[in-house]
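Here's the structure we're looking at; comments come further down.
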Amino acid sequence: MTLVNQLPSQPGVDRRQFFRLGGLGVATVTVVAACGGTDSPGIARVGVAPTTTDLPTGTVSDVVLLRTAASIEFTAIDVYNTALEAGIVPSGAVETVERFIADHTAHAEAVNALVTELGGEPFTCANPRLAEITVPAILAAIVGDEASGKAPSDDPERDVLNVAYALEVYAAETYQSFIPMLSVPELRKAAISIGNDEARHSAVLALAITGTPAGYFEVEAPAEPPKIPVAYAMPTVFGSLGGQTIVIGAEDEVGLRTSVPLDTPAANTFVYDYQSC
Amino acid sequence: MDTDMPDTAPAVASADVASTNGLRRRLLGAGLIGLAGSLVPSLAARAGASPDQATTTTAPPKRPSEADLELLRFAQAAELTAMSLYNTALATDLGPNTALVVARVRDAHQAYAQTLSAEIGKTAPGAPDDALLADLEGSFGGDQASIVAAGAALENSLVATHTELLGTITGIDSAKILASIVIAEARHAVVLADLAGAGGLDDYLLNDAPALAPAEG
């Protein structure tokens, strides 16, 4: 028997009524609180919450697409220059890489000229998302990263060429993917003119990496998928927008190399009006 | 190495760029800047648009207009012409590797023609451009070296042609198809240039081929 049961019965307020009155009181307070005025339009919080700042609104326009394209040109230039400075470009490919740097520089200037004509601000540095996430992962896989215990690549020259191939395919995909998003035919023509150059770059690199005729196209699918994707000059019948995975670096203890995804640019890779170098 | 293959080293190893490359590269750069400059008049009206104004523009049409269809019919005929020319080449004595490449490129052009046919509908020509076929057929019936050189030139012409069409066509669906074809045909041009014994990077990368034009009338 509990203490409550031992209480003497009082007329008008028995134990059951006591609980009813308590519940009614809680409900009344809740209703009053809900109906009362408040200074804050937000959801009720417990404790003191800091004032939030709205994220800037990003509208995908011709200017944003072209600034994104320029940023990818600068990403390629930066990666090529980094590889040249690190001395990990095969000697037979140095001239090709220097040529590609010149081409990407010309592309960036042309694209930024269009940005200016459209009233936008030219973008003259590497793509922020790629520079923050993708490029560091690539460099760590090739030159190693003591902090994460990642060993340097067993073949940096192989990796540099595969990265270059992937970047050129990515650049071609970028321009192709922007075609339906650009608002006028003149801009589409300008974009695909450059995409054509990038596709040629990728094909030249495929011939250098895989050799000829093996590097022309896949004649027969292998029984086992290769551990490192094979570079082909004509990888697909149509220009693909499927993205790719770069496989580079040394094998780890279970025989796996670093995989870096490189997807066709989307909203999180675009360079919006409010972004600057 | 198969005996039918021209002596072609990998691209980077054979990248002995000719002495005129600096000039050609500058011309390429100037061409791109010129392309940007050529857009100034058409884009001038948009130059002062604020971001808010940009969001209110009308979305481009998805389906091709009547004018687009006329150009797409020409594009399909050009693709079928290419397919026919490669069939002519395959009837000659190409070595196994070259034949493999030419067959792959021929099949690709057939796929492009079929895709364009689906986009055009019942008014698709479904036949090559007779005048173009007659003009080029001789180049695809000679020896292997001349055939692959003619193939590279044809791919470059088709790239230039579809690029020009993209500057006119308004329908988004058609533009997507043409763009994916341009990217693939640029790669065909590199492979065929390699088979033709490309000597330097410009042979792979530069495209100064004129665009094909629809016959008048």
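What follows is calculated from the coordinates using simple rules that are stated; it is not laboratory data. Just so it is clear, the model here is predicted, and its values are computed rather than measured. Every residue, glycine as well, gets a Cβ built from its backbone with ideal geometry; the counts of neighbours run over all protein chains shown.
Considering region A:239-266 alone, what residues qualify as being of a type in the set (A, V, I, L, M, F, W, C), assigned to a strand (DSSP E or B) and in contact with a helix residue (DSSP H, G or I) (Cβ under 7 Å, 6 or more places away or on another chain)? Before you say what the answer is, go through the steps one by one.
Just the residues of region A:239-266 that are of a type in the set (A, V, I, L, M, F, W, C), to begin with: A:241, A:246-248, A:250, A:254, A:256, A:260, A:262, A:266.
Of the ones still in play, those that are also assigned to a strand (DSSP E or B) are A:246-248, A:260, A:262.
Residues satisfying the conditions are A:I246, A:I248, A:V260, A:L262.
Across region A:188-215, which residue is nearest to A:P156 (Cα to Cα) among those that are surrounded by fewer than 24 Cβ atoms within 10 Å (Cβ to Cβ) and among the polar types (S, T, N, Q)?
In this case the residue turns out to be A:T210.
Anything in region B:137-160 that is polar (S, T, N, Q) and away from every other protein chain (no Cβ under 12 Å)? List them, or say none.
Once the filter is applied, which keeps residues that are polar (S, T, N, Q) and away from every other protein chain (no Cβ under 12 Å), region B:137-160 yields B:S139, B:Q144, B:S146, B:S157.
If A:A102 passes every condition in (1) within 14 Å of chain B (Cβ to nearest Cβ); (2) in contact with a Phe, Trp or Tyr (Cβ under 8 Å, 6 or more places away or on another chain) but one, which one does it miss?
Answer for A:A102: the failing condition is (2).
Having 2 or more residues that are within 20 Å of the chain's Cα centre (by Cα) is the bar; report the helices (runs of 4 or more DSSP H) wholly within region B:50-169 that clear it. Give the derivation first.
Numbers: elements: B:51-54, B:66-90, B:96-120, B:130-136, B:144-166.
Counting at least 2 such residues, we get B:66-90, B:96-120, B:130-136, B:144-166.
Scan region A:198-209 and tell me whether some residue there is facing chain B (nearest Cβ under 7 Å), more than 19 Å from A:L241 (Cβ to Cβ), touching a residue at least 60 places away in the same chain (Cβ under 8 Å) and among the β-branched types (V, I, T).
Yes: one or more hits.
Report whether or not A:P235 is of a type outside the set (G, A, S) and away from every other protein chain (no Cβ under 12 Å).
Values: of a type outside the set (G, A, S): yes; away from every other protein chain (no Cβ under 12 Å): no.
Here the answer is no, as A:P235 does not meet what is asked.
Report, by residue number, each residue of region B:178-197 that is buried (at least 24 other Cβ atoms within 10 Å of the Cβ) and over 11 Å from the mean Cα position of the chain (by Cα).
Correct list: B:V190, B:V191, B:L192, B:A193, B:D194, B:L195.
Look at region A:214-231 and say how many of its residues are within 14 Å of chain B (Cβ to nearest Cβ) and in contact with a Ser or Thr (Cβ under 7 Å, 6 or more places away or on another chain). If you could, list the steps in order and put the result at the bottom.
Let us first name the residues in region A:214-231 that are within 14 Å of chain B (Cβ to nearest Cβ), namely A:214-220, A:231.
Checking which are in contact with a Ser or Thr (Cβ under 7 Å, 6 or more places away or on another chain) leaves us with A:231.
Qualifying residue count for the region: 1.
Going by the conditions given, is A:G87 away from chain B (no Cβ under 12 Å) and on the phi > 0 side of the Ramachandran plot?
Values: away from chain B (no Cβ under 12 Å): yes; on the phi > 0 side of the Ramachandran plot: yes.
Yes.
Do you know which of the residues in region A:170-183 that are facing chain B (nearest Cβ under 7 Å) and in contact (Cβ under 8 Å) with a residue 12 or more places away in the chain is farthest from B:A160 (Cα to Cα)? Don't jump to the end; show me each part of the working.
Pass one, region A:170-183, residues facing chain B (nearest Cβ under 7 Å): A:172, A:176, A:179-180, A:183.
Now restrict to residues that are in contact (Cβ under 8 Å) with a residue 12 or more places away in the chain: A:172, A:176, A:179, A:183.
Values: A:A172: 16, A:Q176: 15, A:I179: 16, A:S183: 21 Å.
So the residue we want is A:S183.
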